[in-house]
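Where a number appears in this text, it was derived from the coordinates with a stated rule and is not lab data. In this text, all values refer to a predicted model and were calculated from it rather than measured experimentally. Here the Cβ positions follow ideal geometry from the backbone for every residue, glycine too, while neighbour counts run over all protein chains shown.
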Amino acid sequence: MSSTDEISKVIRIKLVTVHLPSEFLNSLDELVRQKRYPNRSEIIRVAIRDLLKEEFWGQQKNVYNGTIKENAY
């Protein structure tokens, strides 16, 4: 079983298709070539997670038993 299959089972990953400019893909491929990320999908997941942390989750108060709980991502 691949690591992507394992991740999908744990956090229920869905497939999303996006259209990106060639320049974006070239830059993503360069990051993978430099071994900074294992693949394009991981780069995009990290970018979306960071955007959501800043733009969305950071605005919500996540309270559990009177304490602030960190988001899982």
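By average Cβ neighbour count within 10 Å, what is the ranking of 32-39, 15-22 from highest down? If you can, show how the numbers build up before the last one.
Numbers: 32-39: 11.2, 15-22: 7.0.
In descending order of packing, they fall as 32-39, 15-22.
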Next on the checklist: Using Cβ counts within 10 Å as a stand-in for footprinting exposure, how do GLU23, GLU42 rank, fewest first?
Outcome noted: GLU23, GLU42
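Counting Lys +1, Arg +1, Asp -1, Glu -1, what net charge surrounds LEU31 among other residues with beta carbon under 11 Å of its beta carbon? Present the calculation step by step, with values, prior to reporting the outcome.
Details: positive: ARG33, LYS35, ARG36, ARG40; negative: ASP29, GLU30, GLU42.
Around LEU31, the charge tally is +1.
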